[in-house]
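Engineer: One structure coming up, written as structure tokens, with questions to follow.
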Amino acid sequence: MAFETEPLFRDDAYKREFSGQVLGVNGRGGIILDQTAFYAAGGGQPGDTGQLSRADGVTIQIGATVYGEGKGEIVHVPMSGDNLPEPGETLSGAIDWSRRNRHMRMHTALHLLCSLVPFAVTGGSIGEAESRLDFDIEDAGAVEKDALSEQLMALVAKDHPITTRWITDAELDANPGLVRTMSVKPPTGSGRVRLVAIGDDGAIDLQPCGGTHVRSTVEIGAVSVAKIEKKGRQNRRIRIRLDDAE
Ligand SMILES: [Zn+2]
């Protein structure tokens, strides 16, 4: 039976601490709560790490967060099988904020990159130190590393707001241009899809996305294009990095 977890990160990406009740512990020791601020891996963004604490103060280190049976169930994967909680217990949770915040900055920067490179996205992934998007680009000369870095930083400096709103599956079907990623289908089926807008009314970028983002582009900080690689005849992989990375 799949449980239903309220994803607190969806409405508040800045929530670092929360408490939740244990709904169950699965066969592999994964802990399922009624609500969580831990982002579950998806859309190229890694799941959160952090800790869950029991009422007696014992902490359980969480090494990964994933979806369980269906997209409604979020599973916190402990790093050890010791001290597993019982259903009904209330746990307090804290996500590893420095890691997650970097994912948020990176994720938002990838939206900006997407807005600057007018080609279809075929894949992507987010990391703490480096992230990438793959584009279907026939003309290799269409993108240039230094120019792209400058354009990215110009958008960051403009302090564009990032907001979300919900539309129905039907509205999305009527606007196929909203979907930039060919490999990652937007999460339809629940009847509604979350749109992430950058700039007033999505003037800079507007696309369906379930990930976590910063509130304003200026929070991304210093970002640059690290590398543009050729991957196959038409594929270009663009790697970006946050310039405060070690
Ligand atoms: Zn996103």
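Engineer: Out of the strands (runs of 3 or more DSSP E) lying entirely within segment 42-157, which hold 3 or more residues that are within 14 Å of the chain's Cα centre (by Cα) and more than 16 Å from the ligand (Cβ to nearest atom)?
Structural biologist: The qualifying strands (runs of 3 or more DSSP E) are 59-67.
Engineer: Suppose the filter is under 19 Å from the mean Cα position of the chain (by Cα), within 16 Å of the ligand (Cβ to nearest atom) and open to solvent by 10 Å² or more (accessible area, probe 1.4 Å); does Arg16 pass it? Before the answer, list the steps.
Structural biologist: Details: under 19 Å from the mean Cα position of the chain (by Cα): yes; within 16 Å of the ligand (Cβ to nearest atom): no; open to solvent by 10 Å² or more (accessible area, probe 1.4 Å): yes.
Here the answer is no, as Arg16 does not meet what is asked.
Table: residues versus (1) within 14 Å of the ligand (Cβ to nearest atom); (2) crowded, with 20+ Cβ neighbours inside 10 Å; (3) among the β-branched types (Val, Ile, Thr); (4) under 20 Å from Arg16 (Cα atoms).
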| residue | (1), (2), (3), (4) |
| --- | --- |
| Ile198 | yes, yes, yes, no |
| Ala203 | no, no, no, no |
| Leu206 | yes, yes, no, no |
| Ala222 | no, no, no, no |
| Ala226 | no, no, no, no |
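Engineer: Take segment 131-163 and flag every residue that is open to solvent by 60 Å² or more (accessible area, probe 1.4 Å) and of a type outside the set (Val, Ile, Thr).
Structural biologist: Narrowing segment 131-163 to residues open to solvent by 60 Å² or more (accessible area, probe 1.4 Å): 138-139, 141, 144-146, 150-151, 153, 157-159, 163.
Across segment 131-163, the qualifying residues are Glu138, Asp139, Gly141, Glu144, Lys145, Asp146, Glu150, Gln151, Met153, Ala157, Lys158, Asp159.
Condition check ((1) under 30 Å from Leu206 (Cα atoms); (2) open to solvent by 40 Å² or more (accessible area, probe 1.4 Å)) across all residues:
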{"site": "Gly24", "(1), (2)": "no, no"}
{"site": "Ile32", "(1), (2)": "no, no"}
{"site": "Gln51", "(1), (2)": "no, yes"}
{"site": "Ala55", "(1), (2)": "no, yes"}
{"site": "Tyr67", "(1), (2)": "yes, yes"}
{"site": "Ile74", "(1), (2)": "yes, no"}
{"site": "Asn101", "(1), (2)": "yes, no"}
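Engineer: How many residues are over 14 Å from Gly123 (Cα atoms) and open to solvent by 40 Å² or more (accessible area, probe 1.4 Å) when one looks only at segment 231-243?
Structural biologist: 3
The values are calculated or read from the model by the stated rules, or taken from the named source; none is laboratory data. Fair warning: this is a prediction, and the values are worked out from it, not measured in the lab. Here Cβ is always computed from backbone atoms with ideal geometry, including for glycine, and neighbour counts include all displayed protein chains. Surface areas here come from the heavy atoms of the whole protein model, side chains and all, with no ligands, DNA or RNA. Shrake-Rupley method; radii C 1.70, N 1.55, O 1.52, S 1.80 Å.
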